[in-house]
Structures are given as structure tokens and as C-alpha cells.
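Here the structure is laid out as C-alpha cells; the discussion comes afterwards.
The values are calculated or read from the model by the stated rules, or taken from the named source; none is laboratory data. Here the structure is a predicted model, which means the values were calculated and not measured. Neighbour counts are summed over all protein chains in view; Cβ atoms, including those assigned to glycine, are modelled from backbone coordinates with ideal geometry.
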Amino acid sequence: MAVSRRPLSELTDEPTHFSDCCAGISKPLLDMLASRLPQKPALTLSIGCGSGLLEAMLLQAAPEKLDLYGVEVPGCVSWHLPAERLFRVPSTTSLYPETMLASGLMFVYPRKSKLVADYIHAFAGGALECVAWLSHRSDFSEVKDLLFSSFHKVELIDGPGIPPYELLVVASMPMITLK
């Protein structure tokens, strides 16, 4: 089980910003993610998990619901996710090959929208059921067309527990194109 250095007791209904996580984290955000990401035994990967703080807090908040792992490059230290919850890729443009087994993907403040597109195009024909994207709302324009053209259902979530400048998008029911 992942154990974050940050206790859940530090969280409230209002977003809290930590120096090692881009997103504001709150109890409502954790609840929203835990209820919308695929449930155990389904696998969810957090692509570019960074320090792993959000992921570790999610695992603390919903250990019975989620089977969540981080994916990160070797040079990035994941302070909050233990090694057994972390997969490594060679570079920031590399795709984790076992993603075909994942039912859910999570992207939190991804640096390049092309990486989101590459993952969706490469793995939408596998087990993928859902993509959660959390970032600055101004960045949504970079992935909007991709998500709406790749999934039957796209839910834009802003509100309690999410800072006004952030947006959580959950896309589900992929449109699979067989070639």
C-alpha cells in the first residue's frame, strides 16, 4: 500500500496546494476521482505522476476502490509512491508498453498534449475505459478535440474542491476504430 508523507488529515473541502504537486488537492477532488476512475480489479495508470502525491493520497482515500500506479521517467523522484507502485519509461515521450492492460489513464498537468494523444491513439483499442485529465482550464483547448472525438462521453467537472482556474475532465466509453 502506498503511504504518502502527507496525511489525508491535511486536506479540507477547499483545495490545498503542496510544493510537490501542480494540482490543488481536496477531499472532494479525491472523492470525484475515486468514483470516476475504473474500480478494482481494473488497473489505472497516472502518466507523468511526478512526486506521486496525488496518487498516494488517492490510494489512501480509496484503497478498496483503486488499483493505481504511477508512470514516470527515471530522473524524477517519486517521494510518495513506493517503488512497487511505480513504472518507469525511458523518456518523457515514451509510452509505457503495458498500458494496453490499463482500464484508466490519469493525466495531471501534462506537459505535452501530444503525449495524451499518443496514449489514447495507441491504447484505445485495449482495455481502456476512461481518461481523467486535470490541469489549468486554459490548457483544455489543447485536448478538447481529441477527447470529444475519441470518447462517447466527456464530463467537464469544475466546482467544489477544484480551484476556479483548474478543470477536471473525465472521458469514458472510447470510440474504437478498427483498422
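Things to note:
- Apart from one condition, SER141 fits all of (1) exposed (fewer than 15 other Cβ atoms within 10 Å of the Cβ); (2) at pLDDT below 95; the exception is (2).
Matching residues to (1) assigned to a helix (DSSP H, G or I); (2) touching a helix residue (DSSP H, G or I) at 6+ places or on another chain (Cβ under 8 Å):
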position	(1), (2)
MET106	no, yes
ALA122	yes, yes
TRP133	no, yes
SER141	yes, no
PHE148	yes, no
LYS153	no, no
PRO160	no, yes
PRO163	no, no
MET173	no, no
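- One residue stands out in segment 152-171 among those that are free of Cβ contacts under 8 Å to residues at least 60 places away in the same chain and within 14 Å of the chain's Cα centre (by Cα): the one that is surrounded by the most Cβ atoms within 10 Å (Cβ to Cβ), namely ALA171.
- Scanning segment 128-138 for residues that are of a type outside the set (Val, Ile, Thr) and touching a Gly at 6+ places or on another chain (Cβ under 9 Å), we see that the one that is surrounded by the fewest Cβ atoms within 10 Å (Cβ to Cβ) is GLU129.
A quick yes/no check of all residues on (1) surrounded by 22 or more Cβ atoms within 10 Å (Cβ to Cβ); (2) without any contact (Cβ under 8 Å) to a residue 12 or more places away in the chain; (3) in contact with a helix residue (DSSP H, G or I) (Cβ under 7 Å, 6 or more places away or on another chain):
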position	(1), (2), (3)
ASP20	no, no, yes
GLY24	no, no, no
MET32	no, no, no
LEU37	yes, no, no
THR44	yes, no, no
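- Residue within segment 72-87 that is surrounded by 15 or more Cβ atoms within 10 Å (Cβ to Cβ), in contact (Cβ under 8 Å) with a residue 12 or more places away in the chain, in contact with a Ser or Thr (Cβ under 9 Å, 6 or more places away or on another chain) and among the small types (Gly, Ala, Ser) present: yes
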